[in-house]
Amino acid sequence: MKTVIAGTDFSRSSMNACKYAALLAQKLNCKLVLFNLFEAPVVHSNMGLYGISYSSERKNSENKTEKKIKELKKVFPKLKISEFVTSGSYKEELKYFIKAHQVEAAVMGLESKTKLSKYIYGSHGVNIAGKLDCPVIIVPEKYKKHKISKVLLAVDNNEKLYKSSLKGFEKFILGTKTKLDLLHVRTEDELIHPVMMDLVFSGKKTPVKTVKAKSFENGIKKQVKELKTDLVAIISKKHSVFYNFFSETNTKKIIFMAKVPVMAIHE
């Protein structure tokens with residue numbers, strides 16, 4: 001069965017993201033999987049180092065995850081929800097799960113109570129954005145509306161549009177029944193040729209809106225407010241000019257400026 005996976009460390013930001021993921025799973029007619037990565041801590045003593053029982057730590061994580069599933073079930077009673085509790089590398093474990101299942105999206109929370117350089121759980125989402133074989137959606141802690149009705153796809157140049165396969169994203173738009181807007185933010189230091197005026201999407205020509213701004217994130221912020229956007233989507237490619245926008249610092253800036261969830265589309 002098609003799946004939406006949501007990472008949780010039981011913090012407020014991650015549980016907010018799980019609620020968003022539940023809404024998304026319901027709209028896409030998918031099951032929801034809550035993913036928790038636990039670590040067996042090592043304790044210092046006069047006898048040296050010793051590890052706390054792996055099995056007890058795993059059981060503790062499973063119990064906490066099951067509790068969160070019950071909470072979500074109260075709001076989404078018809079949604080099929082299960083758990084994936086494991087240890088190891090966050091990125092590698094997610095890659096393994098995504099490869100073994102039909103994952104439509106991975107949803108992560110982002111802490112907002114600290115400064116940009118001091119995220120706790122949010123760093124996981126930032127580090128994997130655009131690097132998994134499925135869309136990664138990062139949900140800011142303060143975003144509570146949990147609506148998916150208007151999506152803004154930000155594009156940087158013609159090459160990205162011509163060479164990118166948007167079939168998965170197109171399927172996402174159709175599945176969630178959302179309205180799509182295409183945006184190109186033109187900055188003062190832009191050296192790339194202007195993007196095309198429109199893009200054929202689901203058999204229809206969709207116009208690409210071009211706006212001028214001092215920075216990419218400022219342009220997005222203004223358009224999100226003007227268009228009343230619920231989700232910002234960005235194509236993320238390795239070894240491309242635009243891939244640099246998904247460096248850790250710039251991703252944080254985009255999320256905070258947009259104030260809405262940001263989707264990184266891996267291509």
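The values are calculated or read from the model by the stated rules, or taken from the named source; none is laboratory data. Since this is a predicted model, take the numbers as computed values, not measurements. Using ideal geometry, Cβ is built from the backbone for each residue, glycine included, and neighbour counts are taken over all protein chains shown.
Quick notes on this structure:
- The lone criterion from (1) on the phi > 0 side of the Ramachandran plot; (2) in contact with a Lys or Arg (Cβ under 6 Å, 6 or more places away or on another chain) left unmet by LYS80 is number (1).
- In region 129-146, residue modelled with the highest pLDDT [restricted to those that are in a loop (DSSP other than H, G, I, E, B) and touching a Leu at 6+ places or on another chain (Cβ under 8 Å)]: HIS146
- Flag for PRO261 being touching a strand residue (DSSP E or B) at 6+ places or on another chain (Cβ under 6 Å), at pLDDT 75 or above and closer than 25 Å to HIS146 by Cα: yes
- Any hit, region 187-199, residues being in the same structural domain as ALA17 (by TED's automatic domain parsing), at pLDDT 60 or above, surrounded by fewer than 16 Cβ atoms within 10 Å (Cβ to Cβ) and in contact with a helix residue (DSSP H, G or I) (Cβ under 7 Å, 6 or more places away or on another chain): no
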